[in-house]
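Single-structure report; data block below.
The numbers here are math on the coordinates, done by the rules we state, and not lab data. Note that the structure is predicted; figures quoted are calculated from it, not measured. Quick reminder, even Gly has a Cβ in these numbers, built from the backbone with ideal geometry, and neighbours come from all protein chains shown.
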Amino acid sequence: MLTTTSFTTEWFQSQSKFIIPIEEMTKEELNQCLKIFYAAVRQKDGKDFKVSSLRSIRAAIDRYLRPPAVNKPWSIVGDKEFNTANKVLNAICKKNTKEGKVSSVVHKQPITSEQVQCLFQAGQLGGCDTNEPAQLLRTTGGFDLQVAGCRLGAGCRLSAG
């Protein structure tokens, strides 16, 4: 699994303009770096990222910079010093969407009652009376996803069977 940290590290190692590690950059240096990063970043196959992926990458970088290990007291998402980098990101998102370079979200087919039953039979889901914490977590996590699908989607994502 490719983490955002390893992904951004790969990009920083592949370019030569910025030699200061991201963790040591000032706001101004990081703002300049992010403008170039947002414009240059692509998937491994050379395709543009989806808008949601680009924004997720920005959020992941922001989360990486905030904890005690790096301890930056500012946010690349919300601080005004990063307005120009964020404007570049927004412009790239708009341009890619307008040019049709970004594929739309692909929704999966709803899970059927038979598939839910198969999950129970395979032991991936279990009764809520179980004493096994891992089983309980898998089961409640599965049901949380079903409820979220009902709340967030246009109607419930689960079919009644």
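Would you tally the net charge around Pro73, using a Cβ to Cβ cut-off of less than 11 Å, leaving Pro73 out, and scoring K and R as +1, D and E as -1? Write out the running numbers ahead of the final one.
Numbers: positive: Lys27, Arg66, Lys72; negative: Asp79.
Local net charge: +2.
Kindly flag which residue pairs out of Lys17/Lys95; Lys27/Lys50; Lys17/Lys72; Lys27/Lys101; Lys80/Lys108; Lys47/Lys108 have an alpha-carbon separation exceeding 29 Å in this structure. Check vs 29 Å cut-off fails for Lys27/Lys101; Lys80/Lys108.
Based on every Cα atom in region 4-98, Rg and the maximum pairwise Cα distance Dmax equal 12.7, 40 Å. Apply the a/c threshold of 1.5 to the C-alpha gyration tensor of region 17-58 and tell me whether it is rounded, prolate or oblate. Cα axes put region 17-58 in the prolate bin.
Figure the gain on full extension for Lys101 and Asn131 (residue separation times 0.36 nm, minus the Cα-Cα span) and round it to one decimal in nm.
Values: separation 30, 0.36 × 30 = 10.80 nm, distance 4.94 nm.
Between Lys101 and Asn131, full extension yields 5.9 nm more.
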